[in-house]
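> Have a look at this one before I ask anything.
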Amino acid sequence: MVDLKLLLMSKREIERYSVIKQLRIGKINGTVAAKMMMLSIRQTKRLKKREAKHGAKGLIHGSRGKTSHNKIGKKERKKIISIIKKTYPDFTPTFAAEKLSENHGIKHNRKTIEAIMIEDGFWKKKPAKKKDVHRAWRERKATYGEMEQFDGSYHDWFERRGGISELCLLASIDDAEGKITHARFDHSEGVYPVFGFWQEYLLRQGKPLSVYLDKFSTYHMNMGLAKDNSDTKTQFGRAMENDLKITVITAHSPEAKGRIERLFQTLQDRLVKELRLHKISDIDKANEFLLKVFIPDFNKRFAVSARSKGDSHRPLSKLEENSLSAIFCRHEKRIVGNDFTIAYKNNWFQLTKNQPVTVMKKNSVIIEEQADETIKIRLRGKYLNYIVLPDRPKKALTKKQPWVLAASNRFSNKPSVDHPWRLKITSEILRTKLLKA
């Protein structure tokens, strides 16, 4: 039995004790006392009797200090601690409670598991962070597909299993529903991995109205001159805005796109541990696990309902669907030379005679370079035929014209004997001689 004298009274109980004393000495009546304590008259009478019999400790709740009837038994507690120590030592209380329920049939409230983990040293509560800068809250978009927040996160996702130290997880989250719309592992956040991500996304979901991302060089021109020119776009910007009519919005700070930033914080905890539990150390298996297991389960747990029903994704047209590989590749402009050759990355391409479209000298063509380094040359929507030259084409030698010969060689050729000039000179000489004679 717990000694009630050792128990402290709460602020509410002290206030009630003050009211009951006034009631007992007749300063106020029962109706006023009940209103002051926001209790019924019947409960007020009970408290008055208890105070009269036991004094101030009569107002303390009878269960305080006693062991709860729902307290976990020592045997089950020991079992929980053993499982956490062996399998989930670095899990958060929420995640550990989920796994204990899913994999071991031990169903307890998160707070209960947290208390056990804190007591046994598996978990330590982190102090709340103080916000130095006030940031205004932005309301979620109204419908699904209206805005996708997109980014990449470099992390040791496989915990060095399979000899892989760091990978990039590319992911997008819907702004309205907080749902992971697509995710995949790749080696970097470069142009081709991002192109591959969005090609898969569009084929599954359709075209969102806008994409919200940071100013990483893949998405945004960061050079001074490029910033001042609104027409200057990256390969990603050209593909999304010019070809697919998807608005690209760049954030000025990580906090601006906080939904995707918080998602990666969660994934760096949950996804790393899920990959460990499933013993996955291969990119292909990890991507399959993301698509079939992790993302559906994550969305079921954490997605919210949008303010407005419906889907703002636009379906791909047949032309767009067939052109995705041409859209999501590097595009570079080049000029057709006088000898119908095109230079690109120290290679020379000779256009053949048979072409699907008329090709003129000085035509501007588009070089399309795929992720596998396949090269295609496009002019007015048609792909040109070409061969790769082993060496740079040699310039044709131009013949020297007479009017550019040196002055000393102008009369090097002597006229023939019967040339009119010679005949004229000879006749004049003979005539002169005859006259002198």
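The values are calculated or read from the model by the stated rules, or taken from the named source; none is laboratory data. Being a predicted model, the structure only gives us computed values, none of them experimental. Positions of Cβ are backbone-derived with ideal geometry, glycine not excepted, and every protein chain shown enters the neighbour counts.
> Every residue in region 143-173 that is surrounded by 18 or more Cβ atoms within 10 Å (Cβ to Cβ) and either among the small types (Gly, Ala, Ser) or free of Cβ contacts under 8 Å to residues at least 60 places away in the same chain (or both), please.
Across region 143-173, the qualifying residues are GLY145, GLY152, SER153, CYS168, LEU170, ALA171, SER172.
> Which fully enclosed strands (runs of 3 or more DSSP E) of region 334-380 have 1 or more residues being farther than 22 Å from ASP391 by Cα?
364-369, 375-379
> Now for a separate question. Out of (1) assigned by TED's automatic domain parsing to the domain that holds GLN205; (2) of a type in the set (Gly, Ala, Ser); (3) in contact (Cβ under 8 Å) with a residue 24 or more places away in the chain; (4) within 18 Å of SER172 (Cβ to Cβ), the odd one out for SER312 is which?
(1)
> Residue under question is ILE72, and the condition is that it be β-branched (Val, Ile, Thr) and under 30 Å from GLU119 (Cα atoms); does it hold?
Numbers: β-branched (Val, Ile, Thr): yes; under 30 Å from GLU119 (Cα atoms): yes.
The answer is yes for ILE72.
> Run down ILE80, ILE28, ILE20 and say which single residue is closer than 30 Å to MET117 by Cβ, surrounded by 13 or more Cβ atoms within 10 Å (Cβ to Cβ) and among the β-branched types (Val, Ile, Thr).
On the way: ILE28 fails: closer than 30 Å to MET117 by Cβ; ILE20 fails: closer than 30 Å to MET117 by Cβ.
Result of the check over ILE80, ILE28, ILE20: ILE80.
> Which of the residues that make up region 81-103 are closer than 21 Å to PHE298 by Cβ and either assigned by TED's automatic domain parsing to the domain that holds ARG270 or not hydrophobic (A, V, I, L, M, F, W, C) (or both)? First the steps, then the outcome.
So the first thing to find is which residues in region 81-103 are closer than 21 Å to PHE298 by Cβ, and the list is 87-88, 90-103.
THR87, TYR88, ASP90, THR92, PRO93, THR94, GLU98, LYS99, SER101, GLU102, ASN103, listed by residue number.
> If you don't mind, there's one more thing I want to ask. All but one of (1) surrounded by 15 or more Cβ atoms within 10 Å (Cβ to Cβ); (2) at pLDDT 95 or above hold for GLU288; which doesn't?
(1)
> Starting from residues that are in contact (Cβ under 8 Å) with a residue 24 or more places away in the chain and small (Gly, Ala, Ser), keep the ones in region 40-75 and report whichever is surrounded by the most Cβ atoms within 10 Å (Cβ to Cβ).
Per the stated criteria, the residue is ALA56.
> Give me a count of the residues in region 201-217 that are under 14 Å from the mean Cα position of the chain (by Cα) and part of a helix (DSSP H, G or I).
Number satisfying all stated conditions: 1.
> With the structure loaded, tell me whether ASN354 is among the polar types (S, T, N, Q), surrounded by fewer than 17 Cβ atoms within 10 Å (Cβ to Cβ) and at pLDDT below 90 or whether it fails that test. Full working, then the answer.
Values: among the polar types (S, T, N, Q): yes; surrounded by fewer than 17 Cβ atoms within 10 Å (Cβ to Cβ): yes; at pLDDT below 90: no.
No.
> Take the residues in region 381-412 that are modelled with pLDDT of 85 or more and not in a loop (DSSP other than H, G, I, E, B); name whichever of them is farthest from LYS345 (Cα to Cα).
Restricting attention to region 381-412, the residues satisfying the condition of being modelled with pLDDT of 85 or more are 381-390.
Of the ones still in play, those that are also not in a loop (DSSP other than H, G, I, E, B) are 382-383, 386-389.
On the way: LYS382: 22, TYR383: 19, TYR386: 16, ILE387: 15, VAL388: 12, LEU389: 13 Å.
The extreme case among them is LYS382.
> Further question on the same structure: Could you check region 237-320 for helices (runs of 4 or more DSSP H) lying wholly inside it with 3 or more residues that are basic (Lys, Arg)? Outline the logic, then answer.
On the way: elements: 258-277, 283-289, 295-302.
Passing ranges, in order: 258-277.
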